[in-house]
1. List every residue whose amide H lies under 5 Å from the amide H of residue A:397, counting only residues 5 or more places away in sequence or on a different chain, with H placed 1.01 Å from N in the peptide plane.
2. Please report the antiparallel percentage of the DSSP beta bridges confined to the protein assembly as shown, to the nearest 5.
3. What is the order of A:8, B:222, A:112, fewest Cβ neighbours within 10 Å to most?
4. Could you state the number of Å between the C-alpha centres of the stretch A:165-212 and the stretch B:227-256?
5. Given H placed on each backbone N at 1.01 Å, which residues far from residue B:199 in sequence or on other chains put an amide H within less than 5 Å of it?
6. Using 30 Å as the Cα-Cα cut-off, could you pick out the over-long pairs in A:156/A:203; B:173/B:355; B:113/B:173?
7. Which whole number gives the average, over all residues in A:285-296, of C-beta atoms from other chains lying within 10 Å of the residue C-beta?
8. Over 21 Å between Cα atoms, which of A:70/A:121; B:31/B:190; A:61/A:121 qualify?
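Where a number appears in this text, it was derived from the coordinates with a stated rule and is not lab data. Keep in mind the model is a prediction, meaning the values are calculated, not measured. Using ideal geometry, Cβ is built from the backbone for each residue, glycine included, and neighbour counts are taken over all protein chains shown.
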Amino acid sequence: MEFKEYKIGEYDTEEQKKFRKEVGEWLDKNITSELIKGTNEIRVTAYIPGQHEFAVKLGEKGWLCPEWPKEYGGAGLPAGYRSIIAEEIGQRVVFGPGFLGGLTGGVQGPTIMSAGTPEQKKEWLPKIAAGAQFALGYTEPNAGTDLASLGIRGVKDGNDYILNGQKMFSTGAHFARYHWLAVRTNPELPKHKGVSMIIADLKAPGVTITQLTTIAGERTNEVFYDNVRVPQTNRIGPEGEGWSIIRMALTAERGDLGTFPWPKILVNDLIQYAKETKRNGKPLSEDPFVRQSLAQLATDVSVLRLYNYRVGWMIDKGLDVSWASSMVKIFESELSQRIANQGMTIMGLYGQLEPGSKYAQLKGNMELAYRAMVVRSFGGGSNLRLRNDIATRGMGLPREPALAIPVKK
Amino acid sequence: MDFDFNDEQKMFKQGARDFFEKEVPKSLVKKMVEDDNGNPPELWKKMAQLGWLGLIYPEQYGGSGGNIIDLVALEEEMGRACLPGAFFSTVLLGGLFILNAGSEEQKRDLLTKVGKGELILTLALTETSASYAASGVETTAISDKDDYIISGTKLFIPDAHIADYIICIARTKKGTKPEDGITAFLVDRKSAGITCTLLKSIAGDKLCEVVFNNVKVSKKNIIGKLDQAWAPVELTLQQVTLAKCAEMVGGAQRALEMAADHAKKRVQFDRPIGTFQSIQHLIANSMMDVDASRFLTYEAAWKFSEGLPCAKEIAMAKGWTSEAYQRTTATGEQVLGGIGYTTDGDMQLYYKRAKAAELTLGDGKFQREALAKELGM
């Protein structure tokens, strides 16, 4: 048993120390105040201003994919150096999900590395290592949690596929260049079998992108494909093997999310706020309800940290972490919503004021989080669905028998 | 980070599990719950022979020199077995207080006897205010030549009715702070003026009202320093709270397993009820509750064992685990349905024990208040 908190740099070798210093100095020169401001705001899905430019600069150093060989645009560094770069970035900006992850090929890179042909690796990995932007194209109007029932069609024509259909909630599609697209290439097969993974060009003729606005005030998109041609060489993995590619990519995505920083930050902010804010001549922190509420949230933050460390510990031991990481995801998302909800309650009428409003408390962060954190309870896997997995994989309960309904043609 | 016991501790823990599975069938637990004595001498003797009654005492006092992590391992297995009995009052509350505050002679004499299973002890701390805070100590001890005269009512004192000695925490001086002026006395339970009444309680823990009516105790029987007993009381409460958390973790884990096993076997609507998502969600929530209880407890125990500040972590562990154990067993009752409600079933033992454990040593509300103070509020 050992619960020592890891201190950044604690286990560095001399070589790593030198590298860390180099990275730090470089970051101090290249992280803009715009980027720091952007990452210090609660953002769940949207693009952070300056993020792409920063990723491109990192890519020039080979630090976006540092462990990749130089021929693929990496820096050819040994394992462990990636976390040095991530830690040094994290020291300077709040390292939220999506940042350098989902939008910059952090999902696609590892997947192509293991499932791509030599030609595809040569084509795509250098682009990804240079900061190419991807949007995810999984969800459709009729394919959410049951992703395998997706209906967008890809029909072979010469050397191409012709795509027809619609994707939904495709965040970043309006500025990304590429679409990481799950497509039905064979409707005759059972639904998990007829899917292929294809990289589409979002600037190609026939692609229409329309805006959807979330309650957090951020943009996501609907993407329509109307007879869009994509070369078959853009298919990653064999035809009909898309489902295993999706699973691979989802694993890479989870690994890339890192620790969600907001619960700890928001709870510390609330504790500070309660100590400093007087109501009716008394600090809020003397109110028994506030004390109970914040002590519970502080405990919850510890629970989240321990769930998280447990996953890392299991990975080191080579254990299956699927259900253990689902616990992290469920608890984090529900905790984030509880924090915002109780934070607003503690503030009383002030709680409803938006960021930027006169009288807004804690920069309106609780109000914003109340709206923004909702997405986390279903994005990246619905908590309801994940609870089934925890019970079946973690505790061995039998799975619910599936109903045999064929794919609609 | 290492969330597990080391190999030696794992072997010890497995040995304890095997022992309790063999020696403590639920029929025995039910007997212990119903019986007024509550501490069967045969079991007590066997636990002494295994060295468990002296597990955490240093070797010079007849113990095995184990640390708090070893205690956590044993307590988890006791919790799993849903075992009541005098371990809590004697080895933990009484024994640890003597270890923390006693003179060399007291430690050598009393702890050696505890380890051999020859002595039942308890700590009489709580009173009618039902609080573990120093302000709750209103029982007085007044100096009278070579003696002290103790008067007051102690409440919820475990196993006082079968104890050889009661360590009475009494007020010897009015201090500026409630923590000042508190002294511990080793009192022979058979002393004149002591009346002990056993209280019926939910889990069959043998909680007593102990009335001290001008009880004369020699000054030689003071444990620790005059007027300064509160620091060792607090230290003892920390250790015992960690042990209680571990007991709850073991019990909650078992309740979860029982519920999951039932869900796999019980067929309704032509399928195991565990295939229903409603049941799966209950089980998933319990798993999360139990895992969080375990990690908070382990982290707090590890910090304690390393001599690091851990008041915050202990408050978090007890606050969370108290409520999580209760929830897990209530879920168990829901999943098992009728059979969980009968006294033939075993889930009821955990369900009742969980609530008693929640209230003991400070419930969630008490611990959150303690935590709020630690957070500077």
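1. Long-range HN contacts for residue A:397: A:392.
2. The antiparallel proportion sits near 85 percent.
3. A:8, B:222, A:112
4. 56
5. B:207, B:208, B:209
6. Result: B:173/B:355; B:113/B:173 exceed 30 Å.
7. Across the residues of A:285-296, the mean count of other-chain Cβ atoms within 10 Å is 5.
8. Violating the 21 Å Cα-Cα cut-off are B:31/B:190.
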